[in-house]
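All remarks here apply to the structure that follows.
The values are calculated or read from the model by the stated rules, or taken from the named source; none is laboratory data. In this text the structure is predicted, and so the values were computed from the model without any measurement. Neighbour counts are summed over all protein chains in view; Cβ atoms, including those assigned to glycine, are modelled from backbone coordinates with ideal geometry. For the accessible areas, the whole protein counts, side chains as well, though only heavy atoms, and no ligand, DNA or RNA atoms are used. Shrake-Rupley method; radii C 1.70, N 1.55, O 1.52, S 1.80 Å.
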Amino acid sequence: MAQSQPLIKVMGRLRIRNHLARQCLAEFLAVFVLLFLTQGAVAQAVTSGENKGNFFTMFLAGSLAVIIAIYVGGNVSDALQNYTGGNLTVTGPRETASIFATYPAPYLSLNNGFLDQVLGTGILIVGTLAIVDTRNKGVPAGLEPVAVGLLVLAIGLSLGVNCGYPLNPARDLGPRLFTYVAGWGPEVFRAGNGWWWVPVVAPLVGAMLGTATYQLLVALHHPEE
């Protein structure tokens, strides 16, 4: 017991007492884990020409990353340079910008992409609210992140081909800013007819509509306790 006292003192000094600061640190680490695992899977598929990964492995890794990130919160490798020859491009057969941020498929218009993200995020919110709603069927305590991860996987397998289903501004805007300053340049904001704002705005709209939908069609109609 006496040997543990110095450690206890150190831990006491390192402990942050501000509640908001603790939340920010946990969120920072959770988002880092989420993006690290998600983009790692995408990088492996893209830089190997999909010989060591494909759309399913990317979506599956992203879904599992959501699970781990929720549990956590509750350097680009040489392969990139070898693949691109040092030429960081946003479009073309050896583009690598899509490793970090999302871009629309060639057939996807901005209007349809906006609708895609509103619907995808709306479904995500409806499903998440159902999972955590204790007055609904719910899931066993502690397994909520697993259920959310499976929900994300279902959305990815249903809608992911259009634009990679970002569903969250944090998933797209931060990594896009990184590519802007790391060598890909302003094209990351011009590509896809100025696509960059869609993954930022549409999920916010979808989240509000999803919340309202669940409240109006389900939550308000639970039997009185």
Quick one: how many Å² of Arg171 are accessible to a 1.4 Å probe, rounded to 10? 30
How would Thr89, Thr213 rank on accessible area, largest to smallest, probe 1.4 Å? Thr213, Thr89
For Tyr107 paired with Met208, estimate the spin-label separation in nm (one decimal), with each label point 7 Å from Cα along the Cα-to-Cβ line. 3.2
Helix-derived [θ] at 222 nm for the chain: sum -39500 (n - 2.57) over DSSP H runs of at least 4, divide by residue count, nearest 500? -21500 deg cm²/dmol
Return the equivalent ellipsoid semi-axes of the chain as a descending list in whole Å, where each equals the square root of 5 times an eigenvalue of the C-alpha gyration tensor. 32, 27, 16
Taking 1 over the mean of 1/r across every pair of different Cα atoms in the stretch 153-201, what Kirkwood radius in Å do you get? 11.5
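Quote the FRET efficiency, to the nearest 0.05, computed for Ile16 versus Ala141 with a Förster distance R0 of 45 Å and r equal to the Cβ-Cβ distance.
After rounding, the FRET efficiency stands at 0.95.
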With a 1.4 Å probe and all protein chains kept in place, how much accessible area does Leu216 have, in Å² rounded to the nearest 10? 110
Quote the accessible area belonging to Thr134 in square angstrom, nearest 10, computed with a 1.4 Å probe and with ligands, DNA and RNA left uncounted. 130
Looking at the stretch 123-225, I'd like the Rg to Rh ratio, where Rg is from alpha-carbon atoms and Rh is Kirkwood's inverse mean 1/r. 1.09
Can you sort Leu110, Leu29 by solvent-accessible area, 1.4 Å probe, largest first? Leu29, Leu110
Calc'd 3J(HN,Hα), the stretch 205-221, phi into Karplus 6.51 cos²θ - 1.76 cosθ + 1.60 (θ = phi - 60°), Hz, glycine/Pro = x, comes to 5, x, 5, 5, 5, x, 5, 4, 4, 5, 5, 6, 9, 10, 4, 6, 10
Can you give the FRET efficiency for Leu7 and Leu157, using 1/(1 + (r/R0)^6), R0 = 41 Å, r = Cβ-Cβ distance, to the nearest 0.05? 0.30
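Which order do you get for Leu220, Leu159 if you rank them by accessible area with a 1.4 Å probe, largest at the top?
Greatest to least solvent exposure: Leu220, Leu159.
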So for R0 = 25 Å, FRET eff. of Asn193-Leu173 from the Cβ-Cβ r, to 0.05, ends up at 0.90
